[in-house]
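J.: I have a structure I would like to understand better, so I am pasting it below and will then ask my questions one at a time.
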Amino acid sequence: MKMIKQKIGVLMVLGLLLLGSFSSLIDLQPTQAASTDPTLTAIKKRGYMVLGVSADYPPYEFHKTINGEDKIVGFDIALARQIAKDIGVELHIKEMGFDSLLGSLKTGKADMIVSAMTPTPERKKEVAFSDSYLTVGQSVIVRKDDVDKYQSVMDFKGDKVGVQKQTTQETVAKDEMAGAQIVSLEKVTDLILNLQQKKFAGVVVEEPVAAAYVQSNSALALSKVKFTNSDYDCAVAVSKDAPAYLAAVNKTIRRVKKNGQFAEWRKEANAQMLTKQNFFQGYGSYFLKGTGITIILTIIGVFFGSLLGTLLALMKRAKNKIAKAIAIVYIQYFRGTPLLVQVFMIYFGTQILHLNVSAFASAAIALSLNSGAYVSEVIRSGIESVAQGQSEAARSLGLSQKQTMRLVVLPQAIKTILPALGNEFISLLKESAIVSVIGVGELMFQTSVVQGSSFKPFLPLVITSLIYFVLTLLLSLLLKYFEKKLHAKDSLNKANG
Ligand code: ARG
């Protein structure tokens, strides 16, 4: 009897458990789709979402000065704003090269990409895509005089055709323009520049973009060339495994397509793109801002690079084997790898370590670390140039090793290495242009912004080269002045002594 009771009890408990889990399954179903996932929760908790964008693609996304302020506009941006609004957070825009977008989404630097991106099978392996919000064909832009020359894809045989790096245009051009030499560049603005300068015979971009450039540039025209396989969707990319987040994005897209809002944004973007403005009034502020940031980056790089360089030089001369080894490996690494790679490593690497380092800070760190390696070699050669007798004399006068270094060797070393050090600082200033790839708003970055939004690819480059020239000239004059001063002091000392 007792046994049976026990068995019934066990059965009842099991039954209840089963029922419980079943019912929780039932009510889980509807809430799962409607409520949230960790990605969406994190975004909501943060209060803002980061949009990754390559703003060289009018009318999808491009720069425009509005009331004297630089803004990224376009119908992709309008869509992104609406998505953020519907989720209930602010939108922060982060600009970068098209080929860096997927990486930034995967490493968490961006929460979504709206950049006319086509959901290709390869990309779908990496990230998730929303429903398509637009489907368009591809066009080839040529110079106006060449319209008759290029009638079909085959006419480009033996010529150079420009495409944006890692885009679907790259694929279609390679697949269908047999015999043409396909050249991939990072920015659409650079493609247009090459076309104007007769370096390329044609440039492949999405139809609306081609129309934009042709409308605002009388020297260019649309070719009659047609591709067979070229209707591409554009969709919003978000990270994988975030079903609720993706559902929220899709909900917005479906609504704005249905109620005509999206069509409205397209019209607005077209209008914005075509309003003309005086070049210097419209873009002067970009150059000013860029120059300011370039100068700040250089000052930071020179300061920390010199500190680090001195330290490394001393370490390399130290008796301690470990210190010496660290210095040798460090210097070898930072001089032996491209600055471009170092910038990317720091920018994306810190993200993988879950440190949210801004693009500016990453750039400042990369420039300082890099310049430290070069400065250290300059300083070391300076130290070695100071005659051995000097330190021996100082030591015999009772100065400690540290004092000898600080009071006797280093001051003399600095004088001999000043020209070499000056070269190093000048190249640091010029090299800082590289950090534009991660979206730091320095001079080079602003230049490409102006190229894009003014539809003038060459003039901004001329202005920028003049600015760099003046900056490096000023820097060399400053260094000359210091050199003179040091020598004057020196001869005074000698005269007195
Ligand atoms: N639709 C093409 C692709 O996905 C090109 C997109 C380029 N977008 C841009 N903002 N530059 O590859």
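J.: Restricted to region 118-131, and to residues that are out of contact with any Leu (no Cβ under 7 Å at 6 or more places or on another chain) and within 11 Å of the ligand (Cβ to nearest atom), which residue is nearest to residue 43 (Cα to Cα)?
T.: Result: 129.
J.: Which of the residues that make up region 100-122 are farther than 18 Å from residue 56 by Cβ and part of a loop (DSSP other than H, G, I, E, B)?
T.: Residues satisfying the conditions are 107, 108, 109, 111, 119, 120.
J.: If a residue has to be under 21 Å from residue 250 (Cβ atoms) and touching a residue at least 60 places away in the same chain (Cβ under 8 Å) to count, how many in region 102-122 make the cut?
T.: So the count comes out to 13.
J.: Show the residue pairs that are 6+ apart or on different chains and have beta-carbon atoms under 6 Å apart, the first residue being within region 234-250 and under 24 Å from residue 206 (Cβ atoms) and within 15 Å of the ligand (Cβ to nearest atom), the second being among the β-branched types (Val, Ile, Thr) and in a loop (DSSP other than H, G, I, E, B).
T.: Final answer for the pair search is 236/114; 237/127.
J.: Run residue 148 past the list (1) more than 20 Å from residue 213 (Cα to Cα); (2) part of a loop (DSSP other than H, G, I, E, B); (3) free of Cβ contacts under 8 Å to residues at least 24 places away in the same chain and report the number of the one that doesn't hold.
T.: In the conditions (1) more than 20 Å from residue 213 (Cα to Cα); (2) part of a loop (DSSP other than H, G, I, E, B); (3) free of Cβ contacts under 8 Å to residues at least 24 places away in the same chain, residue 148 misses (1) alone.
J.: Let me ask something else. Determine, yes or no, whether residue 65 is among the β-branched types (Val, Ile, Thr), buried (at least 16 other Cβ atoms within 10 Å of the Cβ) and assigned to a loop (DSSP other than H, G, I, E, B).
T.: The answer is no for residue 65.
J.: Does residue 157 satisfy being touching a Gly at 6+ places or on another chain (Cβ under 6 Å) and more than 10 Å from the ligand (Cβ to nearest atom)? Walk me through it before giving the result.
T.: Details: touching a Gly at 6+ places or on another chain (Cβ under 6 Å): yes; more than 10 Å from the ligand (Cβ to nearest atom): yes.
The answer is yes for residue 157.
J.: Also, quick follow-up: Among 477, 399, 410, which is part of a helix (DSSP H, G or I) and surrounded by 14 or more Cβ atoms within 10 Å (Cβ to Cβ)?
T.: From the options 477, 399, 410, the qualifying one is 410.
J.: Right, next: If I filter region 211-250 down to residues being assigned to a helix (DSSP H, G or I) and at pLDDT below 95, which single residue comes out as nearest to residue 84 (Cα to Cα)?
T.: Out of the qualifying residues, it is 212.
J.: Okay, next question. Quick one: count up the residues across region 160-179 that are more than 10 Å from the ligand (Cβ to nearest atom) and either among the aromatic types (Phe, Trp, Tyr) or touching a Phe, Trp or Tyr at 6+ places or on another chain (Cβ under 8 Å) (or both).
T.: Going through region 160-179 one residue at a time, the tally reaches 6.
J.: Additional query: Condition (residue is exposed (fewer than 14 other Cβ atoms within 10 Å of the Cβ), on the phi > 0 side of the Ramachandran plot and free of Cβ contacts under 8 Å to residues at least 40 places away in the same chain) applied to region 286-293: is it met by at least one residue?
T.: No: zero hits.
J.: Restrict the check to region 455-466 and report whether at least one residue is out of contact with any Pro (no Cβ under 7 Å at 6 or more places or on another chain) and farther than 30 Å from residue 269 by Cα.
T.: yes
J.: Which one of these is assigned to a helix (DSSP H, G or I), touching a residue at least 24 places away in the same chain (Cβ under 8 Å), more than 25 Å from residue 71 (Cα to Cα) and within 22 Å of the chain's Cα centre (by Cα): 314, 367, 308, 297?
T.: The conditions single out 367.
J.: Given (1) within 16 Å of the ligand (Cβ to nearest atom); (2) within 15 Å of the chain's Cα centre (by Cα), identify the lone condition not met by residue 109.
T.: Every listed condition holds for residue 109 apart from (1).
J.: Which condition from (1) modelled with pLDDT of 95 or more; (2) crowded, with 16+ Cβ neighbours inside 10 Å; (3) within 16 Å of the ligand (Cβ to nearest atom) is the one that residue 135 breaks?
T.: (2)
J.: Tell me which residues, restricted to region 418-463, are over 14 Å from the mean Cα position of the chain (by Cα), surrounded by fewer than 23 Cβ atoms within 10 Å (Cβ to Cβ) and among the β-branched types (Val, Ile, Thr).
T.: 426, 462, 463
The values are calculated or read from the model by the stated rules, or taken from the named source; none is laboratory data. Bear in mind that the values here come from a model prediction, so they are computed numbers and not experimental data. FYI the Cβ positions are ideal-geometry reconstructions off the backbone, even for glycines, and counts take in every protein chain you see.
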